[in-house]
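Here's the structure, in structure tokens; my notes come after.
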Amino acid sequence: RRHTRMIAEFGGLAGVIPLFTGVFLFVTLSSIGLPGLNGFVGEFLILGGSWSVFPAAVVCGGLGIILGAVYMLWMVQRVFWGPLDNPANQDLPDLTIREFFVMFPLLVLIVWIGVHPMTFLSPMEAAVRLLLAQ
């Protein structure tokens, strides 16, 4: 909406665009692997499946996950909270109803994959078993 990617250009947006902030925070928490959301399932499957073969890589991957989470939470804090210093941010429009209804199915899928991952994993189970047997 601002046509910039510079984090320093933002700050205090939570008061101006609260619905956008909520959706953005929810997707960010999913990306950092919060349990119950899709990112956790992916990270757990990858790290758990790799541990017996590449434990050093799993440790490095775990550190990368932690550093990524720190960076993303730091970015959210700088963009959405703090003082609203930039006047260009004061009149930003929040999500419209149409935009929210476009995002809503994605938010539901984020939770669905986190809570019921077998919905998406079971269709590939036979192929994975065959691959492991080879």
Subset of the range 89-105, residues without any contact (Cβ under 8 Å) to a residue 24 or more places away in the chain, surrounded by 10 or more Cβ atoms within 10 Å (Cβ to Cβ) and of a type in the set (A, V, I, L, M), comes to Val102
Criterion first (part of a loop (DSSP other than H, G, I, E, B) and under 30 Å from Arg129 (Cα atoms)) does Gly49 satisfy it? no
| Any residue in the range 18-33 that is open to solvent by less than 50 Å² (accessible area, probe 1.4 Å), of a type in the set (S, T, N, Q), in a helix (DSSP H, G or I) and under 14 Å from Val79 (Cα atoms)? | yes
Exercise for the section: With the condition kept exactly as written, say whether any residue in the range 70-81 is surrounded by 11 or more Cβ atoms within 10 Å (Cβ to Cβ), among the charged types (D, E, K, R) and farther than 26 Å from Trp112 by Cα. Expected result: yes
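The values are calculated or read from the model by the stated rules, or taken from the named source; none is laboratory data. All values derive from a computational prediction rather than experimental measurement. In this analysis, Cβ positions are derived from the backbone assuming ideal geometry, glycine residues included, and neighbour counts consider all displayed protein chains. These area figures cover heavy atoms from the full protein model, side chains too; ligands, DNA and RNA do not enter into them. Shrake-Rupley method; radii C 1.70, N 1.55, O 1.52, S 1.80 Å.
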